[in-house]
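The values are calculated or read from the model by the stated rules, or taken from the named source; none is laboratory data. Please read these numbers as outputs of a predicted model, since none were measured by experiment. Neighbour counts run over all protein chains shown; Cβ positions are idealised from the backbone, glycine included.
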Amino acid sequence: MSDSSPVPIGTLANAVLPSIGITKRRMKQVESVVLIREQRANGHQELAFNARPFVLCGLPLRRPPATQLVHRRRNGKFSLHIVAHPDFGLPFGQDRLIPIWIATLALRQKSREVSFDSAAQMLDFFRLPKDGFHYRRLVDAFKRIFGATIFFGTEEQSAAKMLIDWTRFHFLDRMQLWYSTNKECFIGESDSSENVITLSEAFYSEIDQHRIPVEREVVSSLAHAPGILDFYVWLAWKSWTVNGVPSRIPILGPAGLCDQLGATQYSSPRRFRHLIIEWLVRVKAYWPDCPAFVTNDRRFLIVHSSRKSPAICVVGPHRSS
């Protein structure tokens, strides 16, 4: 008698995907798009929050040279300077998930002292594998974030005077993290000690006063693509701030999108134009109503207001009562 038990769907998918030219990674992206659209249609999006300095002026996309301990970025009147601890270096790449995680916990727990059970909880939040590689990278990211000092502020100049308003703060006042020193060990559900992080008063005030919500599943899907992640979060913020006349942002130039996203050093001007178009296509896969488009001459990005769209109004910055 033959075994008529159904073949697991995962086994079928693994056998079929190569023959139809779809990789497992691409299939995972498709599944994420479907999930995100379903959640939005049902009004069941789970929110994560980001801090305004890193939306207006992004972290480095790639690891800077070990000798580079200062990162500068300008967005119009806003400026961001990050000074790294010499032992840990500048935050970069996937490290940008740490401020999102911390800001989300702080606003959920309504406290600048936040706690979480294990590193596995954070890895789950961003849909990252719970293995030794991601665990160790997470620990190193916390060290870079903890050791950094940031200067964030505005500079406005008129014919008569110049006004400078800067704030200097550390991300965190105190960090108590429990992690294994065994290189073969990875964080799982067996963590027995609570992790406690105390945000600096200035950083907590910044994220509380200027909270920027985004969809958690979109952030998770873009966790391995920091450039696109920055672009998505920036679009969510920018479209919410547009009031009336659509915003017309040059893609290149001193006040252009290339400087705002911090991608100048990673791409030629011609390549960056193509990147923006590719990134916008990717963002619209998750967010079909994204109110932005690139002009035919590829010189400008036009961003309309997202406030009129009930399907995505949850994305815009807001204050809870």
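Is it true that some residue in the stretch 184-193 is touching an Asp or Glu at 6+ places or on another chain (Cβ under 8 Å) and at pLDDT below 90?
yes
Condition first: touching a Ser or Thr at 6+ places or on another chain (Cβ under 8 Å) and under 17 Å from G147 (Cα atoms). Now tell me which residues in the stretch 79-92 satisfy that. Before the answer, list the steps.
First pass over the stretch 79-92, keeping only residues touching a Ser or Thr at 6+ places or on another chain (Cβ under 8 Å): 79, 82-83.
I82, V83 - these are the residues of the stretch 79-92 that are touching a Ser or Thr at 6+ places or on another chain (Cβ under 8 Å) and under 17 Å from G147 (Cα atoms).
Which residue pairs have Cβ atoms under 9 Å apart, sit 6 or more places apart or on different chains, and have a first residue in the stretch 48-60 that is of a type in the set (D, E, K, R) and a second that is assigned to a helix (DSSP H, G or I)?
Every condition considered, the pairs that remain are R52/E206; R52/I207; R52/Q209; R52/W237.
On the given criteria, is P213 crowded, with 21+ Cβ neighbours inside 10 Å and either touching a Cys at 6+ places or on another chain (Cβ under 8 Å) or not aliphatic (A, V, I, L, M) (or both)? Before the answer, list the steps.
Working: crowded, with 21+ Cβ neighbours inside 10 Å: yes; either touching a Cys at 6+ places or on another chain (Cβ under 8 Å) or not aliphatic (A, V, I, L, M) (or both): yes.
In short, yes.
Inspect all residues belonging to the stretch 111-119 and state whether any of them is part of a helix (DSSP H, G or I) and either in the same structural domain as H210 (by TED's automatic domain parsing) or over 17 Å from S200 (Cβ atoms) (or both). First the steps, then the outcome.
In the first step, residues of the stretch 111-119 are kept if they are part of a helix (DSSP H, G or I); the result is 119.
So of that shortlist, the ones also either in the same structural domain as H210 (by TED's automatic domain parsing) or over 17 Å from S200 (Cβ atoms) (or both) come out as 119.
The answer is yes; a qualifying residue exists.
From the list R40, R108, exactly one residue is outside the structural domain of R211 (by TED's automatic domain parsing) and either of a type outside the set (A, V, I, L, M, F, W, C) or touching a residue at least 40 places away in the same chain (Cβ under 8 Å) (or both). Which is it?
Working: R108 fails: outside the structural domain of R211 (by TED's automatic domain parsing).
Just a single option satisfies the conditions, and that option is R40.
Between S32, S4, which is among the polar types (S, T, N, Q), outside any helix (DSSP H, G or I) and either at pLDDT below 85 or buried (at least 16 other Cβ atoms within 10 Å of the Cβ) (or both)?
On the way: S32 fails: outside any helix (DSSP H, G or I).
Result of the check over S32, S4: S4.
Please return the ranges of strands (runs of 3 or more DSSP E) entirely within the stretch 45-90 where 1 or more residues are outside the structural domain of G256 (by TED's automatic domain parsing) and more than 21 Å from T104 (Cβ to Cβ). Can you show your working first?
Working: elements: 47-50, 70-75, 78-83.
Hits in the stretch 45-90: 70-75, 78-83.
When you go through A141, A160, A148 one by one, which is the residue that is of a type in the set (G, A, S) and at pLDDT below 85? Please lay out each step first, then the result.
On the way: A141 fails: at pLDDT below 85; A148 fails: at pLDDT below 85.
Selected residue: A160, the only one of A141, A160, A148 that is of a type in the set (G, A, S) and at pLDDT below 85.
Across the stretch 247-273, what is the number of residues that are modelled with pLDDT of 90 or more and surrounded by fewer than 14 Cβ atoms within 10 Å (Cβ to Cβ)?
Result for the stretch 247-273: 1.
In the stretch 61-78, how many are at pLDDT below 90, surrounded by fewer than 13 Cβ atoms within 10 Å (Cβ to Cβ) and within 15 Å of T149 (Cβ to Cβ)?
1
When you scan the stretch 120-141, how many residues do you find that are surrounded by 14 or more Cβ atoms within 10 Å (Cβ to Cβ), free of Cβ contacts under 8 Å to residues at least 12 places away in the same chain and not in a helix (DSSP H, G or I)?
Number of matching residues: 0.
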